[in-house]
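Okay, so here's the structure we're looking at.
The values are calculated or read from the model by the stated rules, or taken from the named source; none is laboratory data. Owing to the predicted nature of the structure, the values given are computational and were not obtained by experimental measurement. With ideal geometry, Cβ positions are generated from the backbone for all residues, glycine too; neighbour counts draw on all protein chains shown. Accessible surface areas use protein heavy atoms only, side chains included; no ligands, DNA or RNA. Shrake-Rupley method; radii C 1.70, N 1.55, O 1.52, S 1.80 Å.
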Amino acid sequence: MSESVPDTKPEASSSTDYTTTGTVRLVNAVFYGHHGVMEEEHRIGGRYEVDVSVGLDFEDAALHDDLDRTVNYEQVYEFVRQLVTENNFYLIEKLAYRIAHKVLDTYPDLEGVEVTVRKPDPPVGGTCDRAEATYTIDDPGT
């Protein structure tokens, strides 16, 4: 059984002589949804994969080991789950857009958010691994 190793490194103090930034990501969250332009896609549904990446300065959260000072990725996952499974959209672009704006509405101090929605084996009349749409909001505070 492994023992917990005490954190003996002193915590750095915030400094104004440098800037920090970080990224928190959910990678390949998978859900079953009913999206697409074909009636069959709405009726039968399919697998959707979602990545969410948020840019933020999480130094304060790291220094204080405090979830309230960063993005709660469990909450972000729940936003994604609800939007994918409880809606029917024609476009994965709309799904990516809605997810990004929900995250930004909840965490307005983010430096940016990027959402990618993938539809494996899309009905394109031939072989295709996936269709994907990526929506990015850069520096929403400006």
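Observations on the model:
- Highest average packing first - 113-122, 81-90, Cβ atoms within 10 Å: 113-122, 81-90
- Note on the stretch 120-139 and the stretch 13-91: Cα centroid distance 17 Å, given to the nearest whole angstrom.
- With a Förster radius of 41 Å applied to the C-beta separation of residue 40 and residue 62, the computed FRET efficiency comes to 0.30.
- Under 14 Å, Cβ to Cβ, from residue 27 - net charge with Lys/Arg +1 and Asp/Glu -1: -2
- When you count the other C-beta atoms within 10 angstrom of each residue and take the mean per peptide, 30-38, 59-67 line up highest first as 30-38, 59-67.
- Accessible area per residue for the stretch 22-138, computed on protein heavy atoms with a 1.4 Å probe, is 58 Å².
- Rolling a 1.4 Å probe over the protein heavy atoms of the chain, with every protein chain left in place, gives an accessible area that is 48 percent carbon and sulfur.
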